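A short write-up of the structure that comes next.
The values are calculated or read from the model by the stated rules, or taken from the named source; none is laboratory data. Only a predicted model underlies this, so the values are computations on that prediction, with no experimental measurement involved. Virtual Cβ from ideal backbone geometry, glycine too; neighbours counted across all protein chains shown. Note: accessible area is taken over every heavy atom of the protein model, side chains too, but ligands, DNA and RNA are not part of it. Shrake-Rupley method; radii C 1.70, N 1.55, O 1.52, S 1.80 Å.
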Amino acid sequence: MEQTLQDETQIRAEARQSYTGSRLTNAQFDEAWNIAGIIDREIHRSGSFIEKLTDYARTFAGREKVDASREEVILRDIYTARFGQTMNKTREALMGRETVTRDAALEQALHHARTVGTMIKDGPTMPFYQAYDRAALTMARQHGITETGAKSLMKDAFETAEGKTLYAFGKDEESKHHLPVRDAARTAKKAERNQQSRSGPQM
């Protein structure tokens with residue numbers, strides 16, 4: 001369930017009054033709160049958090065001239081206060097659902113994989129990497145799994161159904177539909193700049 005603004009405000013206030021939160025300056029708490037959000041985003045993207053946690057703890061500690069392990073504990077505590085469970089519990093829940101989903105949602109995975117071609121072709125076209133990312137995010141949120149897991153399911157389902165890789169399909173659609181639009185826009189922009197250059201500064 002998504003938090004409302006009121007919910008987040010209350011959770012933030014409670015986290016600020018927690019043992020760890022109350023020992024931080026306002027700036028330190030704001031930074032730790034935001035880093036917790038970044039780490040949560042990474043867990044939902046890749047199912048991993050150790051590298052991001054270590055990097056941010058070192059950066060945080062370097063500015064405060066304290067031990068990185070202490071800052072890691074702070075970030076873990078603020079994360080738990082913000083999201084209601086530890087980083088590892090969040091990761092385990094996502095990975096557990098991914099295991100169940102792998103066999104149960106192949107049809108859905110194929111549907112999301114096919115939307116990649118639609119997004120590349122229709123409306124404001126986009127490159128393959130953006131369409132792939134959006135389709136994976138949509139599937140991940142619908143099934144409560146990681147985006148990396150969604151991408152893996154989409155790739156497997158598409159290749160089984162179509163006999164070719166999702167990457168090859170997407171790049172082919174990109175070359176047919178997105179690249180001509182992108183190149184035309186670049187040509188038009190270049191012509192506009194040249195026209196402005198010839199016209200000189202406007203009074």
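For this structure, a couple of remarks:
- Residues within the reach of a label modelled at ASP183 (point 7 angstrom out along Cα to beta-carbon, backbone nitrogen below 20 Å), restricted to the stretch 121-151, are 121-130.
- Helix 5-17 axis, angle to the chain major axis (alpha carbon atoms, nearest 10°): 40
- Per residue value of the accessible surface for the chain (all protein chains in place, 1.4 Å probe), Å²: 62
- Distance between modelled label sites at ASP55 and ASP30, nm, 7 Å Cα→Cβ extension: 2.3
- Distance between the stretch 40-62 and the stretch 123-150 - C-alpha centres, whole angstrom: 22
- The structure shown yields Cα extents along the principal axes in Å, and of the options [x] 99, 39, 28; [y] 76, 35, 22; [z] 63, 59, 33 that calculated value carries the label [z].
- For the stretch 90-203, the gyration tensor built on C-alpha atoms gives a prolate shape. Its axis ratio a/c (a ≥ b ≥ c) is at least 1.5, and a/b is the larger of a/b and b/c.
- Ranked packing of 80-87, 184-191, 132-139, most packed first, by mean Cβ within 10 Å: 132-139, 80-87, 184-191
- Ordering HIS44, HIS112 by accessible surface, largest first, gives HIS44, HIS112; the 1.4 Å probe counts only protein heavy atoms, with every chain in place.
- Separation in nanometres of the label points that stand 7 Å from Cα toward Cβ, at ALA191 and GLN17: 6.4
- Dipole axis of the chain (+1 Lys, Arg; -1 Asp, Glu on Cβ), positive-most option in SER48, PHE158, VAL116: VAL116
- Model label points for ASP67 and THR138, set 7 angstrom from Cα along the Cα-to-Cβ axis, are 4.9 nm apart.
- Taken about its Cα centre, the stretch 1-65 carries a charge dipole of about 300 debye when Lys and Arg each add +1 at the Cβ and Asp and Glu each add -1 at the Cβ.
- Partners of LYS121 within straight-line reach, counting aspartates and glutamates whose Cα lies under 14 Å from its Cα and excluding those fewer than 8 residues away in the same chain: ASP172, GLU173, GLU174.
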